[in-house]
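Working notes, beginning with the structure itself.
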Amino acid sequence: MNGFSIFDSIHIMWLIFIGGFLVISLYFYHYSSHEKQHLFLKSIFWLLLLLEVAKQLYLLVTNQYSYWSPPLHLCGFGIFIIGWHAYFPTRTTATLLFTLTLPGAAIALLFPGWTIDPVGGFLHFHSFIFHALLVLVVAALILERQLVTNFTDIWRAVLFLLVTVPPVYIYNAHFHTNFMFLNRPVKGTPLQWLYDAFGAAGYLASLVGVIVSIWIVLYVLLAIQKRRHITE
C-alpha cells in the first residue's frame, strides 16, 4: 500500500485518534496517585525505548538499515530526556522536554516526515504512536503543574542544541542525511516555507527565529497557567 499525504483522510483520522487517546490518558493521569504517575512516566520511557529498539531491529531484518536509521532527530533524543526526567527530574530535563520534545513531537504529528511509508506498515504505526507518546508525557506534566521551568531556563535548551547540532550537522553533511532537518526542509511543511522565503543561505537563521518564537509562545502560555493557579 502507498503512503499518505499531509492532512488527507488517513492523516486526519490519526490526529483524531491521537486527540482522543491524549484526552483519555490525561484524565486517568490526573486522577492517579503520585506513585502511579511516577510509574506511568517510567513505563512510557521504557515503551518508547522498546519501540525504538523494535524499529532498529525491523530495519535490520528487512535490509532497510542505513545512515538514516539512528535516532538522531530531536524526537529520538526525546526518549532519553524522558528517561532522565522519569528517574532523575531536574530543571534541565523539564526545560528540554518543554522547549524541544513537546514542540518537536507536536509539529511532527501535524507535518509528518514519514508520509512515504506504506499505510498500515510497521513504520507507519510506529511513527504516529511514538510521537503521540512523546506529546502525552510532556502534556501530562504540564497539566499537572509538574514541569518546573521558566523563561530564564532557556539557556539550558540553547546549550543542549549547541552540543548536539554541530555533530548532527557534520553527520548529515558526510552521509547526506537530514537529521533535525538542518540541511534541508521536508516538502509541504512550514520548514519548506522558510526555505522558499529565505533560501538555502538563510534557512538555518530563519529556523532559529521560528524556534525562539515558539519558545516565547510556550513560556507565555506557561506563565498564564501559573498565574491562574495562584489566583484560584
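The values are calculated or read from the model by the stated rules, or taken from the named source; none is laboratory data. Here the structure is a predicted model, which is why all the values come from computation and not from measurement. Glycine gets a Cβ as well: all are built from the backbone with ideal geometry, and neighbour counts include every protein chain shown. Side chains included, ligands, DNA and RNA excluded: accessible areas come from the protein's heavy atoms. Shrake-Rupley method; radii C 1.70, N 1.55, O 1.52, S 1.80 Å.
Taking 8 Å as the Cα distance limit and 6 or more residues as the minimum spacing, I'd like the relative contact order of the chain as a percentage.
Working: 190 pairs, mean separation 55.7, N = 232.
Computed over the chain, the figure is 24 percent.
Pop out the carbon and sulfur fraction of the accessible area of the range 1-150 as a percent, whole number, probe 1.4 Å.
Taking all protein chains in place, the range 1-150 shows 73 percent carbon and sulfur surface.
In a shell of Cβ-Cβ distance under 15 Å around residue 69, excluding residue 69 itself, what net charge do Lys and Arg (+1) and Asp and Glu (-1) give?
Taking every other residue near residue 69 into account, the sum is -1.
Would you mind checking the range 1-31 for residues with the amide N under 17 Å from a putative spin-label position 7 Å along Cα→C-beta of residue 196?
Taking a point 7 Å out along Cα→Cβ of residue 196, the residues of the range 1-31 whose backbone N falls under 17 Å are 6-7.
Would you mind counting up the charge near residue 130? Only other residues with Cβ under 10 Å from its Cβ, with Lys and Arg at +1 and Asp and Glu at -1.
On the way: positive: 55; negative: 52.
Surrounding charge for residue 130 is 0.
For n ≥ 4 DSSP H runs only, could you compute -39500 (n - 2.57) per run for the chain, divide by its residues and tell me the 222 nm figure to the nearest 500?
So the calculated ellipticity at 222 nm is -24500 deg cm²/dmol.
Roll a 1.4 Å probe over the protein chains and send me the accessible area per residue for the range 1-147 in Å².
I get 51 Å² per residue for this part.
Find how many whole Å separate the alpha carbon centroid of the range 1-37 from the alpha carbon centroid of the range 155-198.
The range 155-198 and the range 1-37 have Cα centres separated by 27 Å.
Given the whole protein assembly as supplied and a 1.4 Å probe, what does the accessible area of residue 114 come to in Å², nearest 10?
20
Among all the aspartates and glutamates, which ones have a C-alpha under 17 Å from residue 187's C-alpha, if same-chain residues fewer than 8 places away are not counted?
The reachable aspartates and glutamates, counting only those whose Cα sits under 17 Å from residue 187, are 8, 117, 196.
What three numbers, in Å, describe the spread of the alpha carbons of the range 90-232 along their principal axes, ordered from the longest?
In descending order, the Cα extents are 51, 38, 27 Å.
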